[in-house]
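Engineer: Questions regarding the structure given below will be posed in turn.
The values are calculated or read from the model by the stated rules, or taken from the named source; none is laboratory data. None of the values given here were measured: they were computed from a predicted structure. Please note: Cβ atoms are built from the backbone with ideal geometry, for glycine as well, and neighbour counts cover all protein chains shown.
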Amino acid sequence: MSKSRDPRTIAAANGVATDSAFGAVTPPIHLSTTFAFDGFERSRGHDYSRTSNPTRSLLAETLAEIEGGAGAVIVSSGMAAIDLVFSQLRSDDLVVAPHDCYGGTHRLLCARRERQHFDVVFVDQNDEQAVGEALDGYPAMVLVETPSNPLMRVVDIRSIADRAGKRGAKLVVDNTFLSPALQRPLLLGADYVVHSTTKYLNGHSDVVGGAVVAATQSDAEVLAAWANVVGVTASPFDCYLTLRGIRTLFPRVAQQQETAFAIARHLERHPLVSAVHYPGLRSHPGHETAKKQQSGFGAMLSFELKGGRDAVRRFVESVRIFTLAESLGGVESLVAHPATMTHAGMDAEARRMAGITDALLRLSVGLEAEADLIEDLDRALALAAEPALEQPA
């Protein structure tokens, strides 16, 4: 299917009605671990499913086309995708990473640094001076996470890409929070895009997976070869489910972000909420940058409660539609407490530097009715506030 087609069409139709055996409209799943040769030294294109599989290849092709890349590698988790990109580095290479990145990414980079696989420096990527000083170290790679998890900070991808390129560094962008439905970093100068396909791409909270999309074919081939060496490629069944999820990616995200925007505006006016982090709000410091490089503001947001940890506990134990759980991007709405859940692996000082407080909550907005979700939040906020209201002025 041509890359010139609209990404929405690619998501919905790539691979449809291509089955030559029976004319199946839905691409069949190929669960076989091994494939018969036509004869001596005559492979039919797939030999062994760790190396390549028709179902995984179709998902990789579809995702690469949607992102505007040359090729993709589908792996077993989002962390495997991040690690696959950095597996190219040597012990004397430097990585520049965001100080407020996902806790699992922070843990991985620190662990690799401790094992002297490469060096890492964490910087506030909205601090021009800090970024400049880090780039003066001539890093091999720069990792960007925009919007960031969980504070929704926005980084100018094109600007970082230009600056990194002048230092000979490759730019890696984690696009999990927005997906290619709302942001395509390769078109802004990135060399690699990484995804936890567990999230919006699959969209149904029933598959763990990851992907790396490369801007060039040569980089895609290097990644595919190493994924085969270490055996992190995804299973055919998980790829089948993820491709099924991608079919509805664009309408799902469109509806979810519409509701998230309404929730963010509602929370911004609530007396128990001290701050709302959502790039769609004009009050957000990255609002203009988000408008420039995104086609929407997404369905993720975070906010801070007055009343501290006790109010947070009462709130999360009072919601009925939002579920207290990790992960994001599914059809169901979730609430997470980053300090004790997604970012618990970061030490207290790292969380403090990133701005992740005990009062911070993260929402992943699903497909439930907007009015029901707002009512659920309001009721939980009222219960969270009760002890504070009982105290004398």
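Engineer: Cβ-Cβ under 6 Å, sequence separation 6+ or interchain: first residue in the range 36-62 and assigned by TED's automatic domain parsing to the domain that holds residue 209 and touching a residue at least 24 places away in the same chain (Cβ under 8 Å), partner hydrophobic (A, V, I, L, M, F, W, C) and outside any loop (DSSP other than H, G, I, E, B). Which pairs?
Structural biologist: Going by the 6 Å Cβ cut-off, the qualifying pairs are 55/239; 56/74; 56/239; 59/74; 59/239; 59/243; 60/72; 60/74.
Table: residues versus (1) more than 28 Å from residue 183 (Cβ to Cβ); (2) β-branched (Val, Ile, Thr); (3) touching a Gly at 6+ places or on another chain (Cβ under 9 Å); (4) part of a helix (DSSP H, G or I).
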site: 18; (1), (2), (3), (4): yes, yes, no, no
site: 28; (1), (2), (3), (4): yes, no, no, no
site: 79; (1), (2), (3), (4): no, no, yes, yes
site: 89; (1), (2), (3), (4): no, no, no, no
site: 95; (1), (2), (3), (4): no, yes, no, no
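Engineer: Out of the range 111-150, which residues are of a type in the set (Ser, Thr, Tyr) and on the phi > 0 side of the Ramachandran plot?
Structural biologist: Of the range 111-150, the ones of a type in the set (Ser, Thr, Tyr) are 138, 146, 148.
Matches in the range 111-150: 138 only.
Engineer: Please work out if residue 23 is part of a loop (DSSP other than H, G, I, E, B) and crowded, with 16+ Cβ neighbours inside 10 Å. Explain how you work it out, then say what you get.
Structural biologist: Values: part of a loop (DSSP other than H, G, I, E, B): yes; crowded, with 16+ Cβ neighbours inside 10 Å: no.
Here the answer is no, as residue 23 does not meet what is asked.
Engineer: Pick from 158, 153, 113: which is within 20 Å of residue 353 (Cβ to Cβ) and outside any loop (DSSP other than H, G, I, E, B)?
Structural biologist: Working: 158 fails: within 20 Å of residue 353 (Cβ to Cβ); 153 fails: outside any loop (DSSP other than H, G, I, E, B).
Of the residues listed, the single one that is within 20 Å of residue 353 (Cβ to Cβ) and outside any loop (DSSP other than H, G, I, E, B) is 113.
Engineer: I need a count of the residues in the range 298-337 that are touching a helix residue (DSSP H, G or I) at 6+ places or on another chain (Cβ under 8 Å) and over 22 Å from residue 271 (Cα atoms).
Structural biologist: Matching residues across the range 298-337 total 5.
Engineer: Going through the range 173-192 one residue at a time, which ones are surrounded by 24 or more Cβ atoms within 10 Å (Cβ to Cβ), within 27 Å of residue 345 (Cβ to Cβ) and either under 12 Å from the mean Cα position of the chain (by Cα) or not aliphatic (A, V, I, L, M) (or both)?
Structural biologist: 173, 174, 175, 176, 177, 178, 179, 185, 192
Engineer: Suppose we filter the range 89-135 for residues that are touching a residue at least 60 places away in the same chain (Cβ under 8 Å) and either over 22 Å from the mean Cα position of the chain (by Cα) or more than 25 Å from residue 152 (Cα to Cα) (or both); how many remain?
Structural biologist: The total comes to 0.
Engineer: Does residue 97 count as buried (at least 18 other Cβ atoms within 10 Å of the Cβ), closer than 16 Å to residue 211 by Cβ and aliphatic (A, V, I, L, M)? Walk me through it before giving the result.
Structural biologist: Details: buried (at least 18 other Cβ atoms within 10 Å of the Cβ): yes; closer than 16 Å to residue 211 by Cβ: no; aliphatic (A, V, I, L, M): yes.
Answer is no for this residue.
Engineer: Could you tell me how many of the residues in the range 244-271 are surrounded by 20 or more Cβ atoms within 10 Å (Cβ to Cβ) and over 21 Å from residue 176 (Cβ atoms)?
Structural biologist: 1
Engineer: While we're looking at this one, here's another question. So, residue 6, is that one more than 27 Å from residue 185 (Cβ to Cβ) and among the charged types (D, E, K, R) or not? Give the derivation first.
Structural biologist: Working: more than 27 Å from residue 185 (Cβ to Cβ): no; among the charged types (D, E, K, R): yes.
The answer is no for residue 6.
Engineer: Sticking with this one: Please list, ordered by first then second residue, the pairs with beta carbon atoms under 6 Å, 6 or more apart or interchain, first in the range 14-28 and on the phi > 0 side of the Ramachandran plot, second loosely packed, with under 13 Cβ neighbours inside 10 Å.
Structural biologist: Here the result reads 17/25, each pair linking the range 14-28 to a residue that is loosely packed, with under 13 Cβ neighbours inside 10 Å.
Engineer: Please specify each residue of the range 293-334 satisfying the condition of being of a type in the set (D, E, K, R) and without any contact (Cβ under 8 Å) to a residue 24 or more places away in the chain. If you could, list the steps in order and put the result at the bottom.
Structural biologist: Filtering the range 293-334 down to residues of a type in the set (D, E, K, R) leaves 304, 306, 309-310, 313-314, 317, 320, 326, 332.
Of everything in the range 293-334, those that are of a type in the set (D, E, K, R) and without any contact (Cβ under 8 Å) to a residue 24 or more places away in the chain turn out to be 313, 317, 326.
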